[in-house]
Amino acid sequence: MKNHMYKQLIRMISVPVFACMLIVLLSACGKKPVKVPEYDDSVAPQDKVEYFAIVCNIDEVNGKIKLRSVGYSSERSLSFTGGADVKNKYGEIMPMADVQLGSVVDVVYDANRDKLISLHLSSSEFLEKKEGVSAEDIDYVGKTVKIDDKTYRMSNNVCAFSDNKEIELNEICSEDQLSVWIYNNIVCSFNVELGHGYVKLADYASYIGGMVEIGYDVIVPVTEDMLLTVREGTYTLRISKGEDSGTKEVTVEKNKEQVISLADIAIEPKQMGSILFHVTPSDAAVYVDKVRVNTEGSVELTYGKHRLDIVKEGYDRLSGTLTVKSPYKVKEYKMTETSTTETTAKSHSKTTKATTASTKVTTEKTTETATEATTEDPNTKDVNTSSGDKTNNKVTVSAPVGASVYFDGEYLGIAPISFKKVTGSHVITLSQTGYLSKSYTVTFTDDGEDKSLSYDALVSITSLIE
């Protein structure tokens, strides 16, 4: 019994001694023993990281925020709760819902958990926020923005936002009003304060060839089936043609298309009278308001005074004023032959003029022949625009197939379609029944190349109805 107890005591002493010897041995070999870390389960580890970033998305339902580093393309998605410290640039507490996308912020987050600790709108002295900026001042080619007579360069990864989501830069239209964040004189982001909607005119026939004006930015000629891109808001629509004009109040809603009828301000048809000309000699040329008319039948003219000229070689010219004031009238005119001397002189003059005219006609025909030799593709639509220069190249919009294509409000046709390339910045609008209209800003240069454009399918209106 004693021997057994003695053996156990030896074993108990030898185990820790052996362990100590092992440690000494390992130390002698240059290796340290592994230290097992101790954890306090009641305290979670934290690794606070500071981040200077742009707010790209806020998902309050799932408690997620997406941030993009200023000047870089790296992104980070963090979770947040009501306990996150959110403040404006003055250090005042603000709800997360009031943080605008595109804002430049100072962030602290827990890197171990990807959890937001604090978000403060940056108060850096190098940061500026400009509001009420017109998108018309964006130079997409030079990648600059002109604000208050100062030109700022855009960051290579500049971002844009509208309706609480990120958009492509070319989805900003010249009619939009923006907020712009600028850090160290470099534009970081845009946010659309006031977007654009669409105005389609109806019952406009009597105004074709006139001008339509909506607000201060849209002043364009009236053409068939036009669709105007207009900044959201309430405006007075003014339309005119000659001495006739009319006005109408228009409210434009963001991303919505509104049809405005001009029936109540349409130009009243002019009162007309029919004039039957009996001229001797009968083959004399009759001009009304400097335009030759066909006198084989009656001529329709508006009530009022008109200029009348009747000419024929060998006869004295008849000129005067023609007054139309009845529905139907027969007017007789008899011309007087010129004297022999005058006729001879005029005949000589006519011969000289004919020779000159013959030379001129030959030149004109030569010019016309040269023009015909370089006839452009008849499938390429011509465009009417108040800005830019037409080039010898074309632009093709290939998609979305079946959508109506508008260039600066002018209807061109159904995609796929090609039209003349015009330099400068312009707006291409796509529209289709049952879908939301969409506009894109395009910028063309006279680089001697054709341009092909393809856009995403339009969003169905029914898909937005829950």
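What follows draws every value from the coordinates through simple rules; no lab data is involved. Note that the coordinates shown come from a computational prediction; the quantities given were computed from them, not determined experimentally. Quick reminder, even Gly has a Cβ in these numbers, built from the backbone with ideal geometry, and neighbours come from all protein chains shown.
Here are a few things to note about the model shown:
- Mean separation of Cα contacts under 8 Å, 6 or more apart, over the residue count of the range 196-265: relative contact order %: 43
- Extension gain, ARG238 back to ALA202 (0.36 nm per residue minus Cα-Cα distance, nm): 11.5 nm
- Of the residues MET335, MET154, MET272, MET211, the one with the fewest other Cβ atoms within 10 Å heads the list, and the complete ranking is MET272, MET211, MET335, MET154.
- The range 60-124-the range 164-214 distance, computed between alpha-carbon centres (Å): 29
- Binned Cα-Cα distances of the range 272-340, short to long, each 10 Å bin given as a whole percent: 21, 56, 20, 3, 0
- Rh by Kirkwood over Cα pairs, then Stokes-Einstein D for the range 58-128 at 1.002 mPa s and 20 °C, µm²/s: 170
- Of the residues GLY242, ILE172, VAL222, the one whose Cα sits farthest toward the positive end of the charge dipole of the range 152-295, with +1 on the Cβ of Lys and Arg and -1 on the Cβ of Asp and Glu, is GLY242.
- Inter-label distance for GLU50 and ASN112, nm, one decimal - labels placed 7 Å from Cα along Cα-to-Cβ: 2.1
- A cut-off under 14 angstrom between Cβ atoms defines the neighbours of ILE260, and their net charge, with Lys, Arg +1 and Asp, Glu -1, is -3.
- Using only alpha carbons, the range 380-464 has a radius of gyration to Kirkwood radius ratio (Rg to Rh) of 0.98.
- Chymotrypsin sites (Phe, Trp or Tyr not before Pro) restricted to DSSP loop in the range 166-261 with at most 14 other C-beta within 10 Å: TYR216
- With R₀ fixed at 51 Å, the C-beta to C-beta distance from GLN271 to LYS390 puts the FRET efficiency at about 0.80.
- Modelled this way, with points 7 Å down the Cα-to-C-beta line, the labels at SER124 and VAL141 are 3.2 nm from one another.
- Zone residues, the range 178-204, relative to GLU253, backbone N less than 15 Å from point 7 Å out along Cα-to-Cβ: 195-200
- Rounded to the nearest 5, the antiparallel percentage of DSSP beta bridges internal to the range 49-158 is 90%.
- Stokes-Einstein diffusion coefficient of the range 176-285, Kirkwood radius over Cα pairs, 25 °C, 0.890 mPa s, in µm²/s: 144
- In the range 156-310, lysine pairs with alpha-carbon atoms under 19 angstrom apart (chain gap of 8 or more, or interchain): 10
- With all pairs of different C-alpha atoms in the average, the Kirkwood value for the hydrodynamic radius of the range 45-194 is 15.8 Å.
- The LYS325 and ASP382 beta-carbon pair, evaluated with R₀ = 35 Å, returns a calculated FRET efficiency of approximately 0.25.
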